[in-house]
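K.L.:
Please find one structure pasted underneath; my questions will follow.
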Amino acid sequence: MGDRVADPKALGFAAFATMAWMYSMVGAGWVSASSAVAVLHQAATFSMLALLVAALAAFLRGEAWHAFFFMFWSALILGYRGVLATMAAMASPGAANGWYSLIVAVVSFFLFLAAMRAAVGPPVVLLALAVTLAFLSQALGYWFGGGFWAVLGGYLGLVSGLAGFWAMIVEAGNIGGSGQATMS
């Protein structure tokens, strides 16, 4: 069945990169959380659904790393959509937010290690490393009251967004990829 399913990686990385970029602009201080609520809600809805589709297609193709990565982020964004209405969760320091960010960083770190081993390509390895560091910085920001760590996490999130767009371009252009450009 996997050979009859279109390659989902470009869609998945586009969805991830869109959400990473939009979310990280708030953390980096480029836009205020209150002014970005509507756009973040739209980006989260698009990204969550597109990542879910990409995860299911990757699963059907037998691409375990991509299936896990896309499903993990789809589920995280679903949870994030739930707190968007208050936006206080993004800005309020606290141990619970810090621990949650640390857990995301730990999972992302293991995805980074798996990406290096799975030879998924430099943009994906960079993406996994940048998102790991971004969530680690975000955790430190929650624990120590924002400031430097929160802004650093925002900028590292922007790097992960750029790496996601790079991965999308590589996959969309089928540059060095093993997937087919069209469905058969």
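K.L.:
Being farther than 20 Å from Ala14 by Cα and outside any helix (DSSP H, G or I) is the requirement here; does Gly62 meet it?
P.N.:
yes
K.L.:
Let me ask you something else. Is it true that some residue in region 49-57 is under 18 Å from Val151 (Cα atoms), without any contact (Cβ under 8 Å) to a residue 40 or more places away in the chain and touching a Phe, Trp or Tyr at 6+ places or on another chain (Cβ under 9 Å)?
P.N.:
Scanning region 49-57 turns up no residue that is under 18 Å from Val151 (Cα atoms), without any contact (Cβ under 8 Å) to a residue 40 or more places away in the chain and touching a Phe, Trp or Tyr at 6+ places or on another chain (Cβ under 9 Å).
K.L.:
So, in region 116-125, exactly how many residues are in a helix (DSSP H, G or I), among the hydrophobic types (A, V, I, L, M, F, W, C) and more than 14 Å from the chain's Cα centre (by Cα)?
P.N.:
Of the residues in region 116-125, 2 are in a helix (DSSP H, G or I), among the hydrophobic types (A, V, I, L, M, F, W, C) and more than 14 Å from the chain's Cα centre (by Cα).
Matching residues to (1) crowded, with 18+ Cβ neighbours inside 10 Å; (2) part of a loop (DSSP other than H, G, I, E, B); (3) at pLDDT 90 or above:
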site	(1), (2), (3)
Ala57	yes, no, yes
Phe68	no, no, yes
Phe72	no, no, yes
Ala75	no, no, yes
Arg81	no, no, no
Leu102	no, no, yes
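K.L.:
Within region 153-165, is even one residue out of contact with any helix residue (DSSP H, G or I) (no Cβ under 9 Å at 6 or more places or on another chain) and either modelled with pLDDT under 90 or farther than 22 Å from Ala54 by Cα (or both)?
P.N.:
no
K.L.:
Would you confirm whether any residue within region 128-149 is at pLDDT below 90, part of a loop (DSSP other than H, G, I, E, B) and either touching a Gly at 6+ places or on another chain (Cβ under 9 Å) or among the aliphatic types (A, V, I, L, M) (or both)?
P.N.:
The answer is yes, given that some residue of region 128-149 is at pLDDT below 90, part of a loop (DSSP other than H, G, I, E, B) and either touching a Gly at 6+ places or on another chain (Cβ under 9 Å) or among the aliphatic types (A, V, I, L, M) (or both).
K.L.:
Another question, if that's okay. Select from region 1-42 the residues that are in contact (Cβ under 8 Å) with a residue 24 or more places away in the chain, part of a helix (DSSP H, G or I) and more than 22 Å from Leu152 (Cα to Cα) and list them in ascending order.
P.N.:
Gly2, Asp3, Arg4, Lys9, Ala10, Leu11, Gly12, Phe13, Ala14, Ala15, His41
K.L.:
Would you confirm whether any residue within region 83-92 is assigned to a helix (DSSP H, G or I) and either at pLDDT 90 or above or not hydrophobic (A, V, I, L, M, F, W, C) (or both)?
P.N.:
Looking for residues that are assigned to a helix (DSSP H, G or I) and either at pLDDT 90 or above or not hydrophobic (A, V, I, L, M, F, W, C) (or both), one finds none in region 83-92, hence no.
K.L.:
Could you look through region 142-175, keep only residues that are among the small types (Gly, Ala, Ser) and surrounded by fewer than 24 Cβ atoms within 10 Å (Cβ to Cβ), and pick out the one that is farthest from Val106 (Cα to Cα)?
P.N.:
Selected residue: Gly173.
The values are calculated or read from the model by the stated rules, or taken from the named source; none is laboratory data. This one's a predicted model, so the numbers in the text were calculated from it and none came from an experiment. Here the Cβ is made from the backbone with ideal geometry for all residues, glycine too, and neighbour counts use every protein chain on show.
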